[in-house]
Amino acid sequence: MTNLLKAIYTIWLREILRFVKSKSRLVGSIAQPFIWLAIVGVGLNAAFKMTNNISYLSFMAIGIMGMTILFNSLFAGINVIWDRQFGFLKEILVAPISRIGIVLGKIFGSTTISVIMALIVLIIVLLFGIISIKSITFLGIITAIIFMILTSVTFVGMGLIIATNVDNIEGFQVLMNFLVMPLFFLSGALFPITSSTPEWLQIVSKIDPLFYAIDGIRGSLTKISVYPVQFDLLIVFIVAVVLVLIADIMFRKIEGK
Amino acid sequence: MVNKANPKNKIYAIEVNNLIKNFGNLTAVNNISFSVNEGEIYGLLGPNGAGKTTTILILTTMLSLTSGNVRIFDKDIINKNIIRQMIGIVFQDPTLDEDLTAFENLDFHARLYNIKVNKKQIINNVLKLVELEDKADKQVKSFSGGMKRRLEIARSFMHEPKILFLDEPTIGLDPQTRRKIWDYIKKLNEKQKITIILTTHYLEEADELCNRVSIIDHGKIIKTGTPKELKSSFGGDIILINIEKKQEFKKILLNSAFIKSIKQTKTGLEIIVNKDGTKLIPKIVELAAKSKININSIALKQHTLEDVFISLTGKNIRDSTPDASEKMKLKFGGRR
Ligand SMILES: Nc1ncnc2c1ncn2[C@@H]1O[C@H](COP(=O)(O)OP(=O)(O)OP(=O)(O)O)[C@@H](O)[C@H]1O
Ligand SMILES: [Mg+2]
């Protein structure tokens, strides 16, 4: 057990170290959400009128937290492709540490980073009064963080699954277009999915795990959500566990070539 | 290869019996058996695509085997975690985190192998051995190929493995760096008593380092022995004499006991001898002087593993045609 924890810690530490060292990644993950908020958010805020009396900007700010987690986590998971390409994965695989330790270390490391990024967005959003601090409860913040963690685990897991099956960088762009964008647009991050949304769109949205995550965070922070928070939490939890299990199975299968 | 009998139940550092590895319908390793004694430097010598890396990866638990049996210090390699504790490896392709510094790479390794006591000192010691102590805090990105290789070697024995696997440790490096790496390898073997198994397609590397060598081609071991045995099994040294009176001197030489065969060439004689050629040259000169025959020049050609290789496989190790996927590697590594 302590060995497992040590393995997780070792891999976790490297993730953090690499992130802190990579200036471009650091700047990119902080700048991106604000570019969205400042341009898309402010622009659409002027054009949209939401049905329930909240501003579009405060609606979308939470979507952007979801986006931050999605992008950071998925790419962190997929980063294993680079470790494979540059051989470093072999150094890890030949070491006497458990495979689940490697998977969990990777997941926790990337989750730590993603959640911190999302929290930075939250703090800024609160500071600018986009979401009013008064409306927020302590329990709401804790629940939102739990959602963030589970969501991040889900997408790092998904990234790992992809990385263990795709071994070339070329597949990357394709993935970007056919996976990340639909996951993002269908999640209700940018526009509400309601009963007036066309039915097919409602249906595909419901198979997007990010939909439940963002709905849950909205519910926790602003009390406005499609489903009860408990239901969202259940779905997000189940998806996270399933993806971690699949990632672990996939990871055991990779061999050293 | 016939499975060597093991009457005394001796424990080998590595014992490989009838190992086969198929990739689809390609047989990369075709029923090989060999054993490595504790403390030995053992070489797997073969051209591109011979199956060296595949064998190493199986022995280091990185690749599953199709059939056969491999034991490391009498532990079956199925026990992956036990095996992984005992071994160190330098893979053929680089496996460093280039964004981290040399020190951070080694520190990560120390954590993976649970080195806690004197960690800093161990890292500094191994860096010193490969003469990188002043580069500890530089990003690996900025290292030359030779420096990276040395760092990988330093890392591979940090955790004091009982066996070290080196897959083409000097590929693509300049002669000076190669010499240095050979020195490190010898030091590790002598001072720290680490058993070493290395692959190479540089014959002089095998000759210089290995106690014993297996020559592999197309997934099969075609010969095993000490470099000396391999060379002498092949025949004696060759002495080339540039001389006018070929016929006459040939007759004189044929009466000597040390001659195996003599061939006339355009410029003189090519003599294959059955003893150490260096000691025979004075004798030949003496014989010529006695008979008042003038020798223009005399040269000694000793057999190399290269000759052994050509005679066994019918091809030069460097000329063996690699398939498309390996051409890249060849471009990268073959600089002769
Ligand atoms: N993962 C794989 N899938 C399919 N074929 C493979 C795989 N790995 C190796 N091979 C094939 O197995 C054979 C042996 O390859 P291997 O890498 O073991 O050779 P090698 O002796 O190490 O050569 P080199 O000197 O080029 O490193 C080659 O024909 C190679 O193409
Ligand atoms: Mg190889």
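Listed values, structure above:
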read-out	value
Top of B:265, B:200, B:95 by mean-square fluctuation, Gaussian network on chain B, Cα under 10 Å	B:265
Listed residues A:228, A:182, A:198, most fluctuating in chain A (Gaussian network, C-alpha, under 10 Å)	A:198
GNM flexibility winner over chain B from B:98, B:248, B:168 (Cα, springs under 10 Å)	B:248
Whole-number accessible area per residue in Å² for chain A, which is evaluated in the context of all protein chains at 1.4 Å	46
Dipole in debye (nearest 20) - segment B:236-302, about Cα centre, beta carbon charges: Lys, Arg +1; Asp, Glu -1	140
Counting DSSP beta bridges with both ends in the protein assembly as shown, the antiparallel % (nearest 5)	65
0 to 90° range, to nearest 10: angle between helix A:209-222 axis and chain A longest Cα axis	50
Rg to Rh, two decimals, where segment A:150-257 supplies the alpha carbon set and Rh follows Kirkwood	1.04
Centre separation in Å (Cα based) which lies between segment A:109-178 and segment B:184-206	49
Accessible-area composition of chain A, carbon plus sulfur, in percent [1.4 Å probe]	73
In range of the label at residue A:26: residues from segment A:142-167 whose backbone nitrogen is under 11 Å from the point 7 Å along Cα→Cβ	none
Kirkwood hydrodynamic radius (C-alpha pairs) into Stokes-Einstein, segment B:236-302, 25 °C and 0.890 mPa s, D in µm²/s	213
Segment A:159-257, relative contact order [Cα under 8 Å, separation at least 6], %	27
R0 of 22 Å, Cβ-Cβ distance residue B:85-residue B:122: FRET efficiency to nearest 0.05	0.85
More than 35 angstrom apart: percent of Cα pairs within chain B	34
FRET efficiency, 1/(1 + (r/R0)^6) with R0 51 Å, evaluated for residue B:226 and residue B:248 via beta carbons	0.80
Angle in degrees between helix A:56-78 and the longest Cα principal axis of chain A, rounded to the nearest 10	10
For A:12-24, mean number of other protein chain Cβ atoms within 10 Å	2
Cβ neighbours within 10 Å from other chains - mean over A:82-94	6
Environment charge at residue B:238 (Cβ cut-off 13 Å; Lys +1, Arg +1, Asp -1, Glu -1)	+1
Rounded tilt (10° steps) of A:229-253 against the dominant C-alpha axis of chain A	20
Unit charges at the beta carbon, dipole of segment B:236-302: most positive-side option, B:241, B:296, B:252	B:252
Partner chain coverage, peptide B:74-83 - average Cβ within 10 angstrom	1
Neighbour net charge for residue B:214 - beta-carbon separation under 11 angstrom, K R +1, D E -1	+3
Cα centroid of segment A:44-60 to Cα centroid of segment A:190-256, whole Å	23
Proximal charge balance of residue B:82 [Cβ under 13 Å; K/R count +1, D/E count -1]	+3
Percentage of interatomic Cα-Cα distances in the protein assembly as shown larger than 34 Å	55
Principal axis dimensions, segment A:2-253 - Cα atoms, whole angstrom, descending	57, 38, 33
Bridge type composition, chain B - antiparallel percent by DSSP, nearest 5	65
Exposed GluC sites (Glu not before Pro) absent: longest stretch of chain A, with sites in DSSP loops and at most 15 other Cβ within 10 Å deemed exposed	A:1-169
Efficiency of FRET from Cβ geometry, residue B:192 and residue B:289, R₀ 45 Å, rounded to 0.05	0.30
Cut-off under 5 Å, modelled amide H: who pairs with residue B:260 long-range	B:272, B:273, B:274
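The values are calculated or read from the model by the stated rules, or taken from the named source; none is laboratory data. Keep in mind the model is a prediction, meaning the values are calculated, not measured. Heads up, the Cβs are rebuilt from the backbone with ideal geometry, glycines too, and the neighbour counts pull from every protein chain shown. In case anyone asks, the SASA skips ligands and DNA or RNA and just uses the protein heavy atoms, side chains included. Shrake-Rupley method; radii C 1.70, N 1.55, O 1.52, S 1.80 Å.
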